[in-house]
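Student: Can you read through this structure? Questions will come right after.
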Amino acid sequence: MGQSPSTSVPSPEINRCDVSNLNRFGCGDTSGDFNGGSPGDYTDEIPDECLAGVFQFLDAGDRKSCSVVSRRWLRVEGESRQRLSLNAEAKLLDFVPSLFARFDSVSKLALRCNRKSTSVNDDAMILISLRCKNLTRLKLRGCKEITEIGMLGLAKNCKNLKKLSIVSCFFGVKGVHAVVYNSDVIEELSVKRLRGDNNDDAESVYGNENGYGCSSLKSICLKELGNGQSFMPLIVASKKLQTLKLIGCVGNWDSTLATVGKLNTLVEIHLEKVQVSDVGLVGVSKCLKLETLHLVKTPECSDDGLVAVAERCKMLKKLHIDGWRTNRIGDDGLISVAKNCPKLQELVLIAMYPTSLSLAEIASSCQGLERFALCGIGTVTDADIECIAAKCVALKKLCIKGCPVSNVGIAAFASGCPNLVKLKVRKCVKVTAEVAGWLRVRRSSLAFNFDHNQVEGMDGSGSDVGVQETTMAFPPIDNEVNIIDDSPSTSNNNDNRWSMFRSKFNFVPCAFRRWTNIDTISSNSFS
């Protein structure tokens, strides 16, 4: 005990070829490694392009960590970053030169400012546009200090801007026209809660100096606008418009839709909580290339308007209707759709009263129907579900929510709809867990989502059939960076207040859930 072993331990032999290979792959000074020194940078021999490619797979936090490893990593990380999200408070102006000297390849930029802070102004907007001349996407949110002057500078300096999203800004329609009428490449425009001057002569003041007009616009989304009528000339003048979304905008849109229909370029139309009647739908029916139509809570639309669309729009593939329990769209409109739209692939019916006549016609005539949703349909019966199971042979995804069907109807899918891959049954009080287990055994390949007692959170919008934010909003930014934002979040405080209120008054929002959830279908119902 306490003595070293009698046999000596042989020292490891170092192969000279191995050492040379280590040097070749950038392992630094190997003599330092074996003599107690610190190893070199193993990435020295990796080209900047490869290192940048590695950074593209990292999220924002990991990229920030990598940027402090070395000066080279800091430089490569900045040069390879294409997406940037900044807290657009007024103090950002002082950081713009150094910030965009590092991030000199940004092509997708988001500037966000909370409503209690002072946002960047025209000077900052113009300076950013000078530093980001390769900008292709821009989102402005809560930038209340930017006027049409800053937007005009943006249009003149960023000639490659293709997508513009505006939320809660104050430069009015004049600021939008300043960009649109001075660009020949902008394709997508999204405007939400815009306020400010709505001079009808904005086009003559800021537009057409280069003769571009809005000839390149392909998508327009207007949401929650009190001044929506100011955009009518812009919509009508967009000769290449393919997608039009009007959500919660004040004013009568019949005349606009009647005029736009003559262009015969629209492929997708989304109308939600807007004043549109059958006159507008007759205008929509002139869009012979129409493939997607959403009619969400438009109480003035009736069977007559839907029949006009169905009889002329033979290319229709997706149809979403939220009847808002007005019972103005029913069997006549749906039967016309079934008979005249042979390419229909997706059908969503919410808060309507169709009978077996229309549902049987849909099941028989729409042989290409792949996605079908019935939500809050109080008139659907087990016989209707059995008819769908027997005749919808192409159906792949089916959602039944808040309908008075029972185990008898659901059991029909044990052998019906041979191509069905996903079945979602929710809030159907007559469907029990027994049939769910039985169906999973009989058809193990079917993804059966059964949820009878789930309590959902309230949806303030009352409908999530449509786009949640806007199609122009950027997709999730994996490499997003927030440079200036040091202000604490108030979400926890709000949550605490809500919890206190609920516990003090014993508030249970069951009634609100009953009003909202039975009439809605989530955007991932078909996912």
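The values are calculated or read from the model by the stated rules, or taken from the named source; none is laboratory data. The shown structure was predicted, so the numbers you read here are calculated from the model rather than taken from an experiment. Cβ atoms come from the backbone with ideal geometry, glycine included; neighbour counts cover every protein chain shown. SASA here: full protein model, heavy atoms, side chains in, ligands and nucleic acids out. Shrake-Rupley method; radii C 1.70, N 1.55, O 1.52, S 1.80 Å.
Student: Consider Cys375 carefully, then state whether it is open to solvent by less than 50 Å² (accessible area, probe 1.4 Å), over 26 Å from Val441 (Cβ atoms) and in contact (Cβ under 8 Å) with a residue 60 or more places away in the chain.
Tutor: yes
Student: Right, something else. Residue check, Ile247 against (1) surrounded by fewer than 22 Cβ atoms within 10 Å (Cβ to Cβ); (2) touching a residue at least 60 places away in the same chain (Cβ under 8 Å); (3) more than 22 Å from Ser183 (Cβ to Cβ), all met but one. Which one?
Tutor: (1)
Student: For the range 205-236, which positions are surrounded by fewer than 18 Cβ atoms within 10 Å (Cβ to Cβ), at pLDDT 85 or above and of a type in the set (A, V, I, L, M, F, W, C)?
Tutor: The answer is Met232, Val236.
Student: Inspect all residues belonging to the range 105-124 and state whether any of them is among the basic types (Lys, Arg), farther than 13 Å from Ser165 by Cα and in contact with a helix residue (DSSP H, G or I) (Cβ under 6 Å, 6 or more places away or on another chain).
Tutor: No, the range 105-124 contains no residue that is among the basic types (Lys, Arg), farther than 13 Å from Ser165 by Cα and in contact with a helix residue (DSSP H, G or I) (Cβ under 6 Å, 6 or more places away or on another chain).
For (1) within 29 Å of Phe57 (Cβ to Cβ); (2) at pLDDT 95 or above; (3) not acidic (Asp, Glu), each residue gets a yes or a no:
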| residue | (1), (2), (3) |
| --- | --- |
| Val76 | yes, no, yes |
| Glu79 | yes, no, no |
| Leu84 | yes, no, yes |
| Asn114 | no, no, yes |
| Val120 | no, yes, yes |
| Cys132 | yes, no, yes |
| Ile146 | no, yes, yes |
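Student: Mind telling me which of the residues Ser302, Ser255, Ser285, Ser277 ends up being among the small types (Gly, Ala, Ser) and open to solvent by 30 Å² or more (accessible area, probe 1.4 Å)?
Tutor: From the options Ser302, Ser255, Ser285, Ser277, the qualifying one is Ser255.
Student: Give just the number: which of (1) closer than 21 Å to Thr379 by Cβ; (2) out of contact with any His (no Cβ under 7 Å at 6 or more places or on another chain) does His320 not satisfy?
Tutor: Answer for His320: the failing condition is (2).
Student: Also: Can you list residue pairs whose Cβ atoms sit under 6 Å apart, with the first residue in the range 273-301 being in contact (Cβ under 8 Å) with a residue 40 or more places away in the chain and the second being of a type in the set (Phe, Trp, Tyr) and open to solvent by 20 Å² or more (accessible area, probe 1.4 Å)? Count only pairs 6 or more apart in sequence or on different chains.
Tutor: Sorted first by the residue in the range 273-301, then by its partner, the pairs are Lys297/Trp324.
Student: Which residue pairs have Cβ atoms under 6 Å apart, sit 6 or more places apart or on different chains, and have a first residue in the range 69-80 that is in contact (Cβ under 8 Å) with a residue 12 or more places away in the chain and a second that is open to solvent by less than 40 Å² (accessible area, probe 1.4 Å) and not in a helix (DSSP H, G or I)?
Tutor: Cβ pairs passing all conditions: Gly78/Phe103.
Student: Separate question: Quick check on the range 329-336. Is at least one of its residues open to solvent by 10 Å² or more (accessible area, probe 1.4 Å) and touching a residue at least 40 places away in the same chain (Cβ under 8 Å)?
Tutor: No, the conditions are met nowhere in the range 329-336.
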